[in-house]
Amino acid sequence: MIYLQLFWSFLQIGLFSFGGGMAAMPLIQNQVVDIHGWLTLAEFTDLITISEMTPGPIAINSATFVGTQIAGFGGALVSTLGSILPSCIIVLSLAWLYSKYQELVVIKGILAGLRPTVVALILSAGLSILVLAFWGSAGFTWNLASLDFIAVALFAGWLFLLRKFDLNPIVVILDSGLIGGTCYLLF
Amino acid sequence: MEKNSKNYFTLFKSTFFLSAFTFGGGYVIVPMMKKKFVDEFGWLEEEEMLNIAAIAQSSPGAMAVNASILVGWRLLGLSGALVAILGTILPPFIILSIISLFYAAFRDNAVVSAVLKGMMAGVCAVIFDVVITMGGKIIKTRKWLPILIMVGAFIVYYVLRVNIIYIIVFCATLGALVSLYDKHAGKEHI
């Protein structure tokens with residue numbers, strides 16, 4: 001039963017994540033944190049951190065991680081299969097259509113409609129992680145005492161540096177862990 | 001291309017190493033595939049690689065997996081596609097399985113948990129950097145419809161908590177319909 005649930009969840013993630021890179025992140029969060037509660041938001045954030053630092057697509061990394069946590073090796077296997085099955089079918093159908101028609105107006109239109117949508121969804125997922133980083137699992141409040149100033153300083157500093165220089169995300173995350181970790185242990 | 005074990009093995013080895021050394025995923029994989037399959041092996045034409053990239057980008061799912069399926073299929077048919085998929089998903093599968101096994105033991109360690117907490121702020125910065133870059137490109141088009149879709153999708157998802165799949169299906173349909181209308185009327189809304 002849990003295998004079926006994992007398979008179905010990751011099938012939806014594979015089917016609806018357009019745009020590569022981080023596009024799958026909001027869908028994974030929706031399925032894994034919001035709908036099924038397989039991971040807490042903090043664990044999900046760790047997963048994104050790990051995904052950014054290891055090779056491979058976020059969807060495959062997440063399928064393996066969540067599958068293993070919930071149902072061991074078999075869980076990892078069915079989740080990964082679920083996440084790539086839609087790709088297999090759709091990508092080969094599109095290749096066939098493309099060889100017949102060369103130009104796919106409708107597909108281009110679909111992607112044009114999804115591009116701004118994906119930005120909005122990534123922003124939403126990013127905001128929920130930001131709230132967790134700044135205020136902890138209790139969530140947003142106006143009370144300054146519950147604000148994590150180390151996290152705010154790190155976020156603002158890294159964002160400034162990322163905008164100013166073309167930094168490698170892995171370097172940013174590792175250094176942030178090093179500097180932030182030292183601060184948290186000291187204060 | 002001849003379907004012998006040597007070619008299958010070369011395909012598997014190439015996709016495995018491409019996947020194992022491609023960090024950040026997504027668009028990085030295409031130039032690396034071009035280097036391998038077009039420049040080094042001469043198995044594909046540059047034009048074909050561009051088409052593969054375009055189709056992989058147009059399909060849902062991970063870009064690296066999509067591109068591998070197409071390269072494998074084009075070179076050695078269905079069995080080639082399966083070999084290429086295996087080569088591409090094995091590295092992240094192995095790495096994340098190992099991390100997953102140790103995660104629970106490490107997470108409660110005070111040092112690890114402080115480092116992960118520090119990393120969280122860095123990851124947030126990386127995500128917002130991506131959002132600013134992608135969102136900036138959409139605003140720079142100066143087309144009102146994509147900007148409206150971006151703002152609308154944000155409000156509907158983050159504030160109103162509408163099901164994410166409904167939003168994706170709605171915006172995809174809207175994009176398809178508007179582009180068909182645009183082509184018919186010779187306009188450029190999207």
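The values are calculated or read from the model by the stated rules, or taken from the named source; none is laboratory data. In this text the structure is predicted, and so the values were computed from the model without any measurement. With ideal geometry, Cβ positions are generated from the backbone for all residues, glycine too; neighbour counts draw on all protein chains shown.
Against the numbered list (1) closer than 29 Å to A:G139 by Cβ; (2) more than 8 Å from chain B (Cβ to nearest Cβ), A:F16 comes up short only at (2). Every residue in the stretch A:43-72 that is within 7 Å of another protein chain (Cβ to nearest Cβ) and without any contact (Cβ under 8 Å) to a residue 24 or more places away in the chain, please. Matches in the stretch A:43-72: A:D46, A:I50, A:T54, A:P55, A:G56, A:N61, A:T64, A:F65, A:T68. Set side by side, the residues A:I170, A:I129 differ, and just one is in contact with an Asp or Glu (Cβ under 8 Å, 6 or more places away or on another chain), closer than 12 Å to B:V123 by Cα and at the interface with chain B (Cβ under 9 Å from one of its Cβ atoms), which is A:I170.
Residue-wise test of (1) touching a Gly at 6+ places or on another chain (Cβ under 9 Å); (2) over 30 Å from B:L145 (Cβ atoms); (3) hydrophobic (A, V, I, L, M, F, W, C); (4) at the interface with another protein chain (Cβ under 7 Å from one of its Cβ atoms).
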{"site": "A:Y3", "(1), (2), (3), (4)": "yes, yes, no, no"}
{"site": "A:M22", "(1), (2), (3), (4)": "yes, no, yes, yes"}
{"site": "A:V32", "(1), (2), (3), (4)": "no, yes, yes, no"}
{"site": "A:V119", "(1), (2), (3), (4)": "yes, no, yes, yes"}
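Just to check your reading of the model, which residue among B:I167, B:I190 is within 7 Å of another protein chain (Cβ to nearest Cβ), crowded, with 20+ Cβ neighbours inside 10 Å, touching a helix residue (DSSP H, G or I) at 6+ places or on another chain (Cβ under 6 Å) and not in a helix (DSSP H, G or I)? Sole residue among the options that is within 7 Å of another protein chain (Cβ to nearest Cβ), crowded, with 20+ Cβ neighbours inside 10 Å, touching a helix residue (DSSP H, G or I) at 6+ places or on another chain (Cβ under 6 Å) and not in a helix (DSSP H, G or I): B:I190.
Would it be correct to say that B:I52 is surrounded by 17 or more Cβ atoms within 10 Å (Cβ to Cβ), facing another protein chain (nearest Cβ under 9 Å), at pLDDT 95 or above and assigned to a helix (DSSP H, G or I)? Here the answer is no, as B:I52 does not meet what is asked. When restricted to residues that are under 20 Å from A:V91 (Cα atoms) and either facing another protein chain (nearest Cβ under 9 Å) or among the hydroxyl-bearing types (S, T, Y) (or both), the stretch B:83-92 contains 3.
Inspection of the stretch B:118-133 identifies no residue that is under 17 Å from the mean Cα position of the chain (by Cα) and of a type in the set (D, E, K, R).
The conditions of being among the aliphatic types (A, V, I, L, M), closer than 28 Å to B:G72 by Cα and modelled with pLDDT of 95 or more are not met by A:L41. Only one of the listed residues (B:I95, B:I138, B:I155) is more than 7 Å from chain A (Cβ to nearest Cβ) and either part of a helix (DSSP H, G or I) or out of contact with any Leu (no Cβ under 7 Å at 6 or more places or on another chain) (or both). That residue is B:I155. Note on the stretch B:159-190: residues that are under 23 Å from the mean Cα position of the chain (by Cα) and within 18 Å of A:L123 (Cα to Cα) amount to 7. So which residues in the stretch B:141-152 are out of contact with any helix residue (DSSP H, G or I) (no Cβ under 9 Å at 6 or more places or on another chain) and either buried (at least 16 other Cβ atoms within 10 Å of the Cβ) or in a helix (DSSP H, G or I) (or both)? Within the stretch B:141-152, B:K143, B:W144 meet the criteria.
Table: residues versus (1) crowded, with 18+ Cβ neighbours inside 10 Å; (2) without any contact (Cβ under 8 Å) to a residue 12 or more places away in the chain.
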{"site": "A:V105", "(1), (2)": "no, yes"}
{"site": "A:P116", "(1), (2)": "yes, yes"}
{"site": "A:I122", "(1), (2)": "yes, no"}
{"site": "A:G139", "(1), (2)": "no, yes"}
{"site": "A:W158", "(1), (2)": "yes, no"}
{"site": "A:K164", "(1), (2)": "no, yes"}
{"site": "A:N168", "(1), (2)": "no, yes"}
{"site": "A:V172", "(1), (2)": "yes, no"}
{"site": "A:F187", "(1), (2)": "no, no"}
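Determine whether the stretch B:12-28 contains at least one residue that is among the polar types (S, T, N, Q), part of a helix (DSSP H, G or I) and without any contact (Cβ under 8 Å) to a residue 60 or more places away in the chain. The answer is no; no qualifying residue exists.
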